[in-house]
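Colleague: One structure is given below, represented as C-alpha coordinates, and several questions about it will come after.
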Amino acid sequence: MGPVELSYTLTEDDVLDGFLAHRRRARRPWLLPVLIVAALDGILHGLVASGGFRSISAGDITAFAAVALGATGLGLLLFRLLVAARWPYRWQARLIMSGNPGLSEPIRAVVDDVGLRLTSASRSETAAWSQYPQVVETERSFVLCASERPGAVVLVLPKRGLPAAGDPSPLRTLLETHCHRPARR
(Lines give C-alpha, C1' and ligand atoms only; values in the text may rest on other atoms or scores of the structure.)
Protein backbone atom coordinates (compact mmCIF):
# COMPACT_ATOMS: atom_id res chain seq x y z
CA MET A 1 0.00 0.00 0.00
CA GLY A 2 1.43 3.38 -1.01
CA PRO A 3 1.76 6.44 1.19
CA VAL A 4 -1.14 8.84 1.68
CA GLU A 5 -0.30 12.54 1.64
CA LEU A 6 -2.33 15.23 3.33
CA SER A 7 -1.89 18.97 3.10
CA TYR A 8 -3.76 21.17 5.58
CA THR A 9 -3.60 23.98 8.08
CA LEU A 10 -4.95 23.19 11.55
CA THR A 11 -7.81 25.28 12.87
CA GLU A 12 -9.40 25.61 16.29
CA ASP A 13 -12.25 23.43 15.04
CA ASP A 14 -9.79 20.65 14.14
CA VAL A 15 -8.24 20.73 17.62
CA LEU A 16 -11.74 20.80 19.15
CA ASP A 17 -12.73 17.81 17.01
CA GLY A 18 -9.69 15.93 18.36
CA PHE A 19 -10.51 16.76 21.98
CA LEU A 20 -14.15 15.75 21.60
CA ALA A 21 -13.28 12.51 19.78
CA HIS A 22 -10.83 11.61 22.52
CA ARG A 23 -13.31 12.56 25.25
CA ARG A 24 -16.01 10.33 23.75
CA ARG A 25 -13.61 7.40 23.87
CA ALA A 26 -12.18 8.06 27.33
CA ARG A 27 -13.44 5.77 30.03
CA ARG A 28 -15.02 7.26 33.11
CA PRO A 29 -15.67 4.28 35.38
CA TRP A 30 -15.90 6.58 38.39
CA LEU A 31 -18.80 8.64 37.03
CA LEU A 32 -21.70 6.21 37.51
CA PRO A 33 -20.81 5.29 41.13
CA VAL A 34 -20.47 9.00 41.98
CA LEU A 35 -23.92 9.74 40.56
CA ILE A 36 -25.45 6.75 42.42
CA VAL A 37 -23.85 7.79 45.73
CA ALA A 38 -25.06 11.38 45.25
CA ALA A 39 -28.63 10.17 44.60
CA LEU A 40 -28.59 7.84 47.62
CA ASP A 41 -27.15 10.62 49.78
CA GLY A 42 -29.96 12.94 48.71
CA ILE A 43 -32.57 10.31 49.52
CA LEU A 44 -30.99 9.61 52.91
CA HIS A 45 -30.88 13.30 53.83
CA GLY A 46 -34.50 13.65 52.75
CA LEU A 47 -35.57 10.74 54.97
CA VAL A 48 -33.60 12.09 57.94
CA ALA A 49 -35.09 15.57 57.49
CA SER A 50 -38.62 14.18 57.31
CA GLY A 51 -38.17 12.04 60.42
CA GLY A 52 -37.44 8.70 58.81
CA PHE A 53 -39.94 6.02 57.87
CA ARG A 54 -42.47 6.84 60.56
CA SER A 55 -45.92 7.84 59.46
CA ILE A 56 -45.41 10.02 56.44
CA SER A 57 -48.30 12.10 55.24
CA ALA A 58 -49.15 12.86 51.62
CA GLY A 59 -47.86 16.42 52.11
CA ASP A 60 -44.49 15.09 53.27
CA ILE A 61 -44.26 12.83 50.23
CA THR A 62 -45.12 15.72 47.92
CA ALA A 63 -42.55 17.99 49.57
CA PHE A 64 -39.92 15.26 49.47
CA ALA A 65 -40.65 14.57 45.80
CA ALA A 66 -40.35 18.27 44.97
CA VAL A 67 -37.02 18.54 46.78
CA ALA A 68 -35.75 15.33 45.16
CA LEU A 69 -36.78 16.52 41.69
CA GLY A 70 -35.19 19.92 42.29
CA ALA A 71 -31.94 18.34 43.51
CA THR A 72 -31.91 15.94 40.56
CA GLY A 73 -32.49 18.81 38.14
CA LEU A 74 -29.70 20.84 39.72
CA GLY A 75 -27.39 17.83 39.61
CA LEU A 76 -28.12 17.20 35.93
CA LEU A 77 -27.59 20.89 35.15
CA LEU A 78 -24.22 20.87 36.94
CA PHE A 79 -23.30 17.64 35.16
CA ARG A 80 -24.14 19.22 31.81
CA LEU A 81 -22.23 22.42 32.55
CA LEU A 82 -19.15 20.87 34.09
CA VAL A 83 -18.70 17.41 32.58
CA ALA A 84 -20.57 17.17 29.30
CA ALA A 85 -20.03 20.73 28.07
CA ARG A 86 -18.05 21.66 24.98
CA TRP A 87 -17.00 25.13 26.16
CA PRO A 88 -13.96 24.01 28.19
CA TYR A 89 -12.66 22.13 25.16
CA ARG A 90 -13.30 25.08 22.83
CA TRP A 91 -11.46 27.34 25.29
CA GLN A 92 -8.52 24.90 25.45
CA ALA A 93 -8.40 24.66 21.64
CA ARG A 94 -8.30 28.46 21.39
CA LEU A 95 -5.50 28.65 23.97
CA ILE A 96 -3.47 25.94 22.24
CA MET A 97 -3.79 27.56 18.82
CA SER A 98 -2.97 31.07 20.09
CA GLY A 99 -0.07 29.86 22.22
CA ASN A 100 1.53 27.77 19.46
CA PRO A 101 1.77 29.82 16.26
CA GLY A 102 3.57 26.92 14.58
CA LEU A 103 0.31 24.96 14.60
CA SER A 104 -1.26 27.53 12.28
CA GLU A 105 1.33 26.91 9.57
CA PRO A 106 0.50 24.77 6.53
CA ILE A 107 1.31 21.13 7.34
CA ARG A 108 2.21 18.33 4.97
CA ALA A 109 1.62 14.87 6.43
CA VAL A 110 2.75 11.61 4.87
CA VAL A 111 1.18 8.45 6.28
CA ASP A 112 2.66 5.11 5.22
CA ASP A 113 3.50 1.64 6.54
CA VAL A 114 6.44 3.02 8.56
CA GLY A 115 4.53 5.73 10.41
CA LEU A 116 3.72 9.41 10.07
CA ARG A 117 5.89 12.30 8.93
CA LEU A 118 4.67 15.82 9.56
CA THR A 119 6.48 18.85 8.14
CA SER A 120 5.78 22.56 8.27
CA ALA A 121 7.87 25.72 7.92
CA SER A 122 9.12 25.59 11.51
CA ARG A 123 9.16 21.90 12.40
CA SER A 124 9.49 18.38 11.20
CA GLU A 125 8.53 15.32 13.19
CA THR A 126 8.23 11.62 12.69
CA ALA A 127 6.00 9.28 14.67
CA ALA A 128 6.06 5.50 14.70
CA TRP A 129 2.78 3.62 14.75
CA SER A 130 3.50 2.49 18.31
CA GLN A 131 3.04 6.09 19.50
CA TYR A 132 -0.59 6.16 18.38
CA PRO A 133 -2.16 2.76 19.05
CA GLN A 134 -5.76 4.02 18.73
CA VAL A 135 -7.68 5.81 16.02
CA VAL A 136 -11.09 7.49 16.08
CA GLU A 137 -12.81 8.54 12.87
CA THR A 138 -15.12 11.51 13.04
CA GLU A 139 -17.13 13.19 10.33
CA ARG A 140 -14.35 15.75 9.80
CA SER A 141 -11.11 13.95 10.65
CA PHE A 142 -9.12 10.97 11.82
CA VAL A 143 -7.92 11.38 15.40
CA LEU A 144 -4.93 9.32 16.50
CA CYS A 145 -4.78 8.80 20.27
CA ALA A 146 -1.78 7.84 22.39
CA SER A 147 -4.11 6.29 25.01
CA GLU A 148 -7.62 6.52 26.43
CA ARG A 149 -6.47 8.37 29.53
CA PRO A 150 -7.49 12.00 30.02
CA GLY A 151 -4.83 14.38 28.77
CA ALA A 152 -3.33 11.88 26.33
CA VAL A 153 -1.68 13.16 23.18
CA VAL A 154 -3.93 13.31 20.13
CA LEU A 155 -2.96 13.93 16.51
CA VAL A 156 -5.67 15.24 14.21
CA LEU A 157 -5.58 14.46 10.50
CA PRO A 158 -8.39 16.49 8.88
CA LYS A 159 -10.11 14.80 5.96
CA ARG A 160 -10.10 18.09 4.05
CA GLY A 161 -6.33 17.69 3.75
CA LEU A 162 -6.66 14.67 1.48
CA PRO A 163 -5.87 15.10 -2.24
CA ALA A 164 -8.47 16.56 -4.59
CA ALA A 165 -10.28 13.21 -4.90
CA GLY A 166 -10.92 13.38 -1.15
CA ASP A 167 -11.48 9.64 -0.77
CA PRO A 168 -10.55 8.75 2.83
CA SER A 169 -10.59 4.96 2.29
CA PRO A 170 -6.81 4.53 1.61
CA LEU A 171 -6.01 6.51 4.78
CA ARG A 172 -8.68 4.62 6.74
CA THR A 173 -7.18 1.30 5.61
CA LEU A 174 -3.65 2.36 6.65
CA LEU A 175 -4.85 3.54 10.05
CA GLU A 176 -6.92 0.45 10.73
CA THR A 177 -3.99 -1.76 9.73
CA HIS A 178 -1.39 -0.08 11.92
CA CYS A 179 -3.35 1.15 14.92
CA HIS A 180 -3.41 -2.06 16.93
CA ARG A 181 -6.21 -1.07 19.28
CA PRO A 182 -8.93 0.86 17.51
CA ALA A 183 -10.84 3.05 19.93
CA ARG A 184 -14.28 1.82 20.95
CA ARG A 185 -17.25 3.18 19.05
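Colleague: Under 5 Å between amide hydrogens, which residues at least 5 positions from residue 138 or on another chain qualify, with H placed 1.01 Å from N in the peptide plane?
Modeller: Hits under the 5 Å cutoff: 143.
Colleague: With every protein chain kept in the model, how would you rank 36, 96 by accessible area, 1.4 Å probe, largest at the top?
Modeller: Descending accessible area places them as 36, 96.
Colleague: Let me ask you something else. Quick check: from the Cα gyration tensor, does region 89-158 come out rounded (a/c under 1.5), prolate or oblate?
Modeller: oblate
The values are calculated or read from the model by the stated rules, or taken from the named source; none is laboratory data. Treat the numbers as computed from the prediction; the structure is a model and nothing was measured. Accessible surface is based on the protein model in full, side chains and every heavy atom, while ligands, DNA and RNA are left aside. Shrake-Rupley method; radii C 1.70, N 1.55, O 1.52, S 1.80 Å.
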